[in-house]
Amino acid sequence: MSHDHSHDDDDHHHHHHDNHYSDMQARVKALETLLTEKGLIDPAAIDRIVETYETKVGPRNGAQVVAKAWSDPNFADWLRRDATAAIASLGFTGRQGEHMRAVFNTPETHNLIVCTLCSCYPWAVLGLPPVWYKAPAYRSRAVIDPRGVLAEFDLTLPQETKIRVWDSTAELRYLVIPERPAASEGMDEAALADLVSRDAMIGTALAKTPETAL
């Protein structure tokens with residue numbers, strides 16, 4: 001399957017975006033407002049549930065994929081060739097994760113994921129998409145000015161590092177495999193997974209070092 005929707009950082013692509021709620025988003029928002037007004041749901045409780053799936057449960061799956069790729073060269077090779085099957089072998093499948101591609105960071109190339117049309121996102125390995133991932137500002141600027149976007153996440157890469165931007169679609173979603181940090185030799189997969197954040201698997205951060213993970 002060839003869905004190589006990527007852009008290098010010296011390319012400039014302009015996209016038009018709809019800044020309004022989609023029909024489904026508007027319906028969900030209206031329903032949430034109605035149920036809140038009737039006292040049937042607590043918005044703060046919903047926010048906590050969303051945060052759990054956005055930052056903890058889902059990203060832990062992806063972190064396990066990354067840790068195994070760091071630890072097992074055969075798995076890393078499989079992940080490069082057929083990410084969908086390799087990820088499924090760990091039990092991570094499901095909605096918006098049916099067709100996956102893993103893109104590996106190297107000293108020469110840093111990968112960044114975006115969805116310029118909407119908010120396609122690999123739920124099975126990353127959980128729910130963060131609010132900023134769905135925002136029109138990120139969706140457009142990640143392609144036009146990836147270095148500027150990364151700087152806003154406090155990530156400044158060497159000027160000689162090429163930034164490759166991958167545009168997710170309804171058919172294909174991407175997972176960034178960050179570089180394994182120094183001084184992580186001898187760590188088991190569980191410990192390595194603790195070094196991997198959601199943002200590192202989107203490309204807006206690097207993997208944590210063993211020191212910063214403490």
query = Among Pro107, Pro130, Pro136, Pro73, which is the only one that is over 15 Å from Ala170 (Cβ atoms), in contact (Cβ under 8 Å) with a residue 24 or more places away in the chain and open to solvent by 60 Å² or more (accessible area, probe 1.4 Å)?
reply = Pro107
query = Just for helices (runs of 4 or more DSSP H) wholly inside the range 101-214: which have at least 3 residues that are under 16 Å from the mean Cα position of the chain (by Cα)?
reply = 123-126, 131-134, 136-144, 146-152, 198-202
key: Contacts under 6 angstrom Cβ, first residue in the range 196-214 being among the β-branched types (Val, Ile, Thr), partner modelled with pLDDT of 95 or more, 6 or more apart   = Val196/Ala63; Val196/Val66; Val196/Ala207; Ile202/Ile113; Thr204/Phe153; Thr209/Pro181
request  = Among the numbered conditions (1) at pLDDT below 65; (2) closer than 27 Å to Phe153 by Cα, tell me where Met1 comes up short.
outcome  = (2)
task = Name every residue in the range 169-214 that is open to solvent by less than 10 Å² (accessible area, probe 1.4 Å) and on the phi > 0 side of the Ramachandran plot, in order of residue number.
result = Gly203
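The values are calculated or read from the model by the stated rules, or taken from the named source; none is laboratory data. None of these values were measured; they are calculated from a predicted model. Note that each Cβ is placed from the backbone with ideal geometry, even for glycine, and that neighbours are counted across all protein chains shown. Ligands, DNA and RNA are excluded from the accessible area calculation, which covers all protein heavy atoms including side chains. Shrake-Rupley method; radii C 1.70, N 1.55, O 1.52, S 1.80 Å.
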